[in-house]
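Q: This is the structure I have questions about; it appears just below.
The values are calculated or read from the model by the stated rules, or taken from the named source; none is laboratory data. Keep in mind that what you see is a predicted model, and the values were worked out from it rather than measured. Here the Cβ positions follow ideal geometry from the backbone for every residue, glycine too, while neighbour counts run over all protein chains shown.
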Amino acid sequence: MTKIKKNFAFMAATMLATSSAGIAYADTGAVADEFKWMTFAVFGVIIAITMAITFWAARTTHSTSEFYAAGRSVTGIQNGWAIAGDYLSAASFLGIAGLISLYGFDGFMYSVGWLVAYITVLLVIAEPCRNIGKYTMGDILAFRNDPKKTKVVAALSTITVSTFYLTAQMVGGGVLIKTLIGIDYEISVIGVGLLMLAYVVFGGMKATTWVQITKAVLLVTASLILVFLVWSPYGFSLPAYLQAVVSDKDVIDQMVKLLGAKAANMSPEELGQRFLEPGLFLKNPIDQISLGMALVLGTAGMPHILMRFFTVPSAQAARTSVIWAMAIIGGFYVLTLFLGSGAAMLVGPAKIAAMDPGGNMAGPLLAQYLGGGADSMLGNFFLAFVAAVAFATIVAVVAGLVLASASAMAHDIYVGVIKGDHASQKEQVVAARVSSLIVGAMAITVGILAKGQNVAHLVALAFAVAASSNLPAVFLTLYWKKCNTTGIISGMLIGSITAIGLVMISPNMTYPKAVLGAAKKVMEGAPAVEAKAAVVSGGLMCELFATCPKAEPAVAAAPASLGAPAKKAALQEKLATVTDAAEKAKIEKEIAAQDKAITKAEGELKKFAGQTTSMAGLEKPFFLLKNPGLLSIPLGFLCVIIFSLLTKDKRAEEMWDELYVRQNTGINAEAANVH
């Protein structure tokens, strides 16, 4: 115990040192300098709460079961909240609200996809996995298949999926904290990584579970407060609220930007109504179907979600946890509708996009506005609270992902394959903690190296790989008698390789030729014939950051457009002649926008100078869908079926009856170990 206290004290000191270093670097961000102390105070309180939870958990985490599965002591309700905390990432909290604020209805479609996913989990995955597995997805697959082969492949798939998701979370965390309070990106990533390591290494699944519960409660509480303040002026009447949204000037202006030439023949009422209709962001129906398949089916194959069902004491508790998770997650996603549309009305899409082109600052900026604005104490307290909740969200999700990867590395590879399931409790716990440190160090390193990279597609890719590789293997192992080891290995490898390969040749990748062309256009302008689409595409932010689809070209040819330097010079000349303070402020903002455009374009021209092809050697995308799920998911299922039919596996056939009884009754589930 003394050793644990010393180690924990060292980690706590490291946290404080990181925070102090962060304060020294916090010279920019959404929070005004005079209120940064309050932001760090709120952050400190939430970090202190989670560290206290970890200290408590560390005192009771000694065995393998306690480290990986919290001793199977988590109740159904607790696990439901923990699943919600594990599942509601920064993409859910910030990303969806941001998309709704910029694109209306289409942003809400992501909420629908992720919520419907839990129906799959509830009906076919939760209870059987709890009854069959012990700690990992590898345990589920090894029950009736060749233990060593399936555990190796399952571990590789788990680490691959977790790495994709983990990288996006680490980069998102670094960018978010830098944008909010100005801490350097590298310091932010290291801070997220150290906190996550403290939770996992010292407290294992028990600490991770309660950190996720705490985060989920804070997230729901913050969202409810914001929605109450946004909705209450309209008497909590949904028709009255939606009417206010479609009548708002900022919303109508955003529709004009997005629709371009089409907006010329539409009345203000029609433009406002268009905000509540689909097609502003998700314009390709086939791509929507592919993305939807990945989101709905991928959840049931995400390793960190599957692990949560090993923490409950019974199959009934597993079902209860999914029902509670669906209720919490579903309720939260309904709240995002008010968060996004409220931000569009009160803050304005233009200001949201100016702070972050992807719209991720919609929620925090809404909180600041509702508290009284950027110059008020309460407004900055609200912003600080939302920022801290977002930070806790990222750390909790990262902790779950690291635990999943570490368990695959330690339990599946080291204990299951190398040691042949003959390792003492002490050896297993040590291996788990060492693996956690390795995965954590890798996460921090990858997060720092990925600075400035477009990693948004990695989340969708993680779901696509999980749906193409993990789900077919788990589902057919549980429900198809003829499924065997060869089918599992073939399906997982081909499904994951196909998903990754298709993304490498898809529009998600960076194509230097196109980037250089866009950057040159920003610097030099465009000739008259090319300027038609640019004039109606939604302004410089849309062109530069590709945050909204290009609209139809205007019927009449537009004049040649100026480059950003020329626009800046013209604005500076105009500024010298203006005396009105409001007009001056507006022009200064436009000049700042041009400066930002110039800096970005110059950076891209330098970064991609001399390059013509993507990482895969292509000048333009070969596979036109952004998400590979439409092809890779059916292929994953098909490969498991075909290779299972082509081969025989005596063990898989002999173990079917026992698997069938156990997954449906839970008899002897506590002894769910590899045979």
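Q: Can you find a residue that is polar (S, T, N, Q), surrounded by fewer than 23 Cβ atoms within 10 Å (Cβ to Cβ) and either touching a strand residue (DSSP E or B) at 6+ places or on another chain (Cβ under 9 Å) or assigned to a helix (DSSP H, G or I) (or both) anywhere in region 94-103?
A: no
Q: Scan region 278-298 and report the pairs whose first residue is farther than 18 Å from PRO507 by Cβ and among the hydroxyl-bearing types (Ser, Thr, Tyr) and whose second residue is at pLDDT 85 or above and surrounded by fewer than 19 Cβ atoms within 10 Å (Cβ to Cβ), with Cβ atoms within less than 9 Å and a gap of 6+ or a chain change.
A: As it stands, the answer is none, since no pair meets every condition given.
Q: Please enumerate the residues belonging to region 346-369 that are buried (at least 22 other Cβ atoms within 10 Å of the Cβ) and assigned to a helix (DSSP H, G or I). Please lay out each step first, then the result.
A: To start, the set of residues in region 346-369 that are buried (at least 22 other Cβ atoms within 10 Å of the Cβ) comprises 347, 349, 352-353, 359-369.
If the condition is that a residue be buried (at least 22 other Cβ atoms within 10 Å of the Cβ) and assigned to a helix (DSSP H, G or I), then PRO349, ILE352, ALA353, ALA362, GLY363, PRO364, LEU365, LEU366, ALA367, GLN368, TYR369 are the ones that fit.
Q: Quick check on my filter: what residues within region 281-295 are touching a Phe, Trp or Tyr at 6+ places or on another chain (Cβ under 8 Å) and at pLDDT 85 or above? Reasoning before the result, please.
A: The initial filter retains those residues of region 281-295 that are touching a Phe, Trp or Tyr at 6+ places or on another chain (Cβ under 8 Å), namely 281, 294-295.
The answer is ALA294, and nothing else.
Q: Then there's this: Within the set of pairs 6+ apart or on separate chains, which have a first residue in region 208-226 that is of a type in the set (Ser, Thr, Tyr), a second that is not in a helix (DSSP H, G or I), and C-beta atoms under 7 Å apart?
A: Cβ pairs passing all conditions: THR209/VAL74; THR209/THR311.
Q: On to the next question. Before we move on, is MET293 part of a helix (DSSP H, G or I) and closer than 17 Å to LEU102 by Cβ?
A: On the way: part of a helix (DSSP H, G or I): yes; closer than 17 Å to LEU102 by Cβ: no.
So MET293 fails the test.
Q: While we're on this one: Output the qualifying pairs, or none if there are none: Cβ atoms under 7 angstrom, residues six or more apart or on different chains, first residue in region 474-488 and closer than 10 Å to THR150 by Cα, second residue among the basic types (Lys, Arg) and surrounded by fewer than 20 Cβ atoms within 10 Å (Cβ to Cβ).
A: Once the first residue is closer than 10 Å to THR150 by Cα and sits in region 474-488, its partners that are among the basic types (Lys, Arg) and surrounded by fewer than 20 Cβ atoms within 10 Å (Cβ to Cβ) give THR485/LYS149.
Q: Only one of these is crowded, with 24+ Cβ neighbours inside 10 Å, closer than 30 Å to LYS151 by Cβ, of a type in the set (D, E, K, R) and outside the structural domain of ALA592 (by TED's automatic domain parsing): ASP412, ASP421. Name it.
A: None of the other options fit; the residue is ASP412.
Q: Here's something else I'd like to know. Is there a residue being outside any helix (DSSP H, G or I), in the same structural domain as VAL465 (by TED's automatic domain parsing) and of a type in the set (Asp, Glu) anywhere in region 642-656?
A: Kept after step one, since they are outside any helix (DSSP H, G or I), are these residues of region 642-656: 647-649, 655.
Those left that are additionally in the same structural domain as VAL465 (by TED's automatic domain parsing): 647-649, 655.
So of that shortlist, the ones also of a type in the set (Asp, Glu) come out as 649.
Scanning region 642-656 turns up at least one residue that is outside any helix (DSSP H, G or I), in the same structural domain as VAL465 (by TED's automatic domain parsing) and of a type in the set (Asp, Glu).
Q: Being surrounded by fewer than 18 Cβ atoms within 10 Å (Cβ to Cβ) and of a type in the set (A, V, I, L, M) is the filter; apply it to region 510-522 and report the residue that is farthest from VAL459 (Cα to Cα).
A: Out of the qualifying residues, it is ALA518.
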